[in-house]
1. Taking the Cα-to-Cβ direction at residue 8 and at residue 214 and moving 7 Å from each Cα, how far apart do the two end points lie in nm?
2. Determine how many Å³ per residue the convex hull of the Cα atoms of the stretch 108-174 encloses.
3. Within the stretch 226-246, what residues put their amide N at less than 17 Å from the label point 7 Å along the Cα-to-Cβ vector of residue 267?
4. Name the residues of the stretch 53-78 whose amide N is less than 20 Å from a point 7 angstrom out from the Cα of residue 178 along the C-beta direction?
5. If a/c stays under 1.5 just call it rounded; otherwise compare a/b with b/c (prolate if a/b is bigger, oblate if not). Do that for the stretch 189-265, with a ≥ b ≥ c from the square roots of the Cα gyration tensor eigenvalues.
6. What length, rounded to one decimal in nm, is gained on full extension from residue 36 through to residue 48, with 0.36 nm per residue of separation minus their alpha-carbon distance?
7. Taking Cα pairs under 8 Å and at least six residues apart, what relative contact order does the chain come out at, in percent?
8. Relative to the present Cα-Cα distance, how much length would full extension add between residue 1 and residue 166 at 0.36 nm per residue of separation?
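Readers should treat all values here as calculations from the given coordinates under stated rules, not as data from a laboratory. Source: prediction; values computed, not measured. We place every Cβ from the backbone using ideal geometry, glycine too, and count neighbours over all the protein chains shown.
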Ligand code: DON
């Protein structure tokens, strides 16, 4: 398949949609991004990379980081992890507090904020440096040693992180935080602030297309664990829009409020699209449209 031609066709088709939606405004550093940006990249399991638009431009990965912290933690902890966090879609916004009280401090899944905080807590206990472990992993998988945190975004997250603090303390009250809440939050804010391009992220999610095998051929996840992460992405990766994303795109995917979305085609490639205008549920409008067009054009959904 001529991936470069397909991406060009997708880019042409989504041009009218680019700029629609609203950029995330909950922190000033994200509100300043131009909503007319658009980039898309595809990295094959063999290591070839294709891209269009702003595909080499770093952006704030935000909640896309939750896929990688989950994988790193699952690799070390195995099934024990699922005692502290569920794997069902939440049907609620990503930062909702309501469900957590009904479910006694056990978050529905690892991709809503509460669940991601549990994962970061565990990764911190396991490694002593959750954010550093994540950054080093992403540098290795993307093949880009300059992948790094954006300290302005990290500071802004901390300044406006009241809801995440509330979620973390609430879980601590149920005994579902191992470490000190401020330390866990610090690592969480920094993980969200990582800046990567579509090319970096398309390569970095390649291990999920290779059934758990890393870029250097070593194994991070068992085949079964890679299936588990992909399945949780499909059912929970776009929050209360996961049903619509599965319906339109038909791939495991994970979005972030920076406007990025990664998606995985097992055995074939990792994909990443970035456009900062978000819909009401926090997913990139042009990003979802582009992935919808891509799978419709190529027939490469998992269904
Ligand atoms: O926790 C937060 O509010 C952000 N740092 C991450 C949010 C995010 O990307 C959720 N996703 N769409």
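1. Computed distance between label sites residue 8 and residue 214 equals 3.7 nm.
2. Per-residue hull volume (Cα only) is 107 Å³.
3. Residues 226-228, 230-231 qualify, since their backbone N sits under 17 Å from the label point.
4. Residues passing the 20 Å test: 66-78.
5. On the way: a/c = 1.88, a/b = 1.17, b/c = 1.61.
Oblate is the answer for the stretch 189-265, as a/c is 1.5 or above yet b/c matches or exceeds a/b.
6. Net length gain for the segment: 1.6 nm.
7. Details: 660 pairs, mean separation 86.9, N = 303.
About 29 percent, as a whole number.
8. Numbers: separation 165, 0.36 × 165 = 59.40 nm, distance 4.83 nm.
Full-extension gain reported as 54.6 nm.
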